[in-house]
């Protein structure tokens, strides 16, 4: 039976936290504001611009609500606008954290930049500026941002890494005199980063002990030094009205639930934590049931019809993954019996023979004839596009998908046997496996370095579940 939807008008107070470059304080400001608003009793809905799991997970912790991604490369403009308004329709404030510099995109025209996202959504910019060793020059940089592209609405400025009161006074007066924008507060220079950092940026919240303490510290710091109420008022004054479908099914173009009864295992723990909430949501909207598994501590796997293994950092949890031999052994047995598997990046590594990291070798599931050697520099980083040149357990020949990759591992083929493995994708954009190959398929397994977003590939969930259902029906 087709799902009937009605339309509603929503007015969403929202703003985007942006900066001149990466590392200028966007994440600290976004997290601190989200936490501060939440502590004030406001319902906060957070979004992260671009392909990002780690910042998004921290924003979810800060707001006590899911954080969604808005990606101009992966998603069309209509989907981006509808996603913002549908997700934030009951929120008091929506916070969008930009990425990199405000105007940094995929080319000299700024394609897919944070500024283009702001223009698409018609939301104002809250600019955070690193004031290290600068005073009046900061005003020139802010003025340049205001004049660089037409159509952007700058709500105000927050100063970061400021020194004493004189430094704050001079920079504030310069900005307000030459740009007319209000300086809404500052973040003082700190001796230590209040958030745990690692090679990809923030350490994932799932791996960090006590993320609430760090978030509460940021909220207290910002409430002391930033005019939180004025930010809320400025965003409310600029709130954009939009008519959208009331039912989230319309966002995914889902009309019914053809896969009711399917049980999908999802390995989600400290090793495998990279899942877009939209991906899991799409699977559930199609009728399937999610069963969350822990590869670090579970001793057994319940009855499932298929399994989805997302990305993460299996190398940092490699010892625990190796030690849980009961889980690995049962998973391998289920795979040998035909269990359909969709694995992305870290999940791909887990299915291999061994992970080679820091001079040690850690045994994994051994379902694929691959070792994975961890490198010091990224082996693949950025957006991807893949063409299917052969059938896989899920996508068929002729399909094209867009996604993104970020991995430090180098796959090493252990043997040319068994001969039934194949690469089913050709890399059109990105790195993938050596030789511009992707989509390592072996019987009922499809594994890839490319992460898919369900609002960028709206057929992804149904394609995955259709492959699972073929197996499930064959077992009955």
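The values are calculated or read from the model by the stated rules, or taken from the named source; none is laboratory data. None of the values given here were measured: they were computed from a predicted structure. Methodologically, a virtual Cβ is constructed for each residue, glycine included, from the backbone with ideal geometry; neighbour enumeration extends over all protein chains shown.
Here are a few things to note about the model shown:
- If the condition is being under 16 Å from residue 126 (Cα atoms) and either assigned to a helix (DSSP H, G or I) or modelled with pLDDT under 95 (or both), then the range 37-63 contributes only 37.
- Options 304, 309, 228: the member that is crowded, with 17+ Cβ neighbours inside 10 Å and in contact (Cβ under 8 Å) with a residue 60 or more places away in the chain: 228
- Lone qualifier among 449, 395, 421 - being over 30 Å from residue 256 (Cα atoms) and at pLDDT 95 or above: 449
- Residue check: residue 268 meets all listed conditions (1) farther than 19 Å from residue 335 by Cβ; (2) modelled with pLDDT of 95 or more but one, namely (1).
- Test: residue in the range 321-342 that is under 22 Å from residue 263 (Cβ atoms) and within 21 Å of the chain's Cα centre (by Cα): yes
- The single condition among (1) touching a strand residue (DSSP E or B) at 6+ places or on another chain (Cβ under 8 Å); (2) surrounded by fewer than 20 Cβ atoms within 10 Å (Cβ to Cβ) that residue 333 does not meet is (1).
- Only a single criterion out of (1) part of a strand (DSSP E or B); (2) buried (at least 18 other Cβ atoms within 10 Å of the Cβ) is not satisfied by residue 28, namely (1).
- Apart from one condition, residue 361 fits all of (1) part of a loop (DSSP other than H, G, I, E, B); (2) farther than 27 Å from residue 465 by Cα; the exception is (1).
- Residue within the range 33-45 that is within 18 Å of the chain's Cα centre (by Cα), within 17 Å of residue 118 (Cβ to Cβ) and in contact (Cβ under 8 Å) with a residue 12 or more places away in the chain present: yes
- Conditions (1) at positive phi; (2) surrounded by 16 or more Cβ atoms within 10 Å (Cβ to Cβ); number of the one not met by residue 252: (1)
- The requirement of being touching a helix residue (DSSP H, G or I) at 6+ places or on another chain (Cβ under 6 Å) and under 21 Å from residue 47 (Cβ atoms) is fulfilled nowhere in the range 289-304; no residue meets it.
- Among the residues making up the range 58-68, those that are in contact (Cβ under 8 Å) with a residue 40 or more places away in the chain and surrounded by 24 or more Cβ atoms within 10 Å (Cβ to Cβ) are 58, 62, 67, 68.
- Close pairs (7 angstrom Cβ cut-off, 6 or more residues apart or separate chains): outside the structural domain of residue 467 (by TED's automatic domain parsing) in the range 324-339, surrounded by fewer than 18 Cβ atoms within 10 Å (Cβ to Cβ) and in a loop (DSSP other than H, G, I, E, B) anywhere: none
- Of the helices (runs of 4 or more DSSP H) contained entirely in the range 78-190, those carrying at least 1 residues that are under 28 Å from the mean Cα position of the chain (by Cα) and free of Cβ contacts under 8 Å to residues at least 40 places away in the same chain fall at 114-121.
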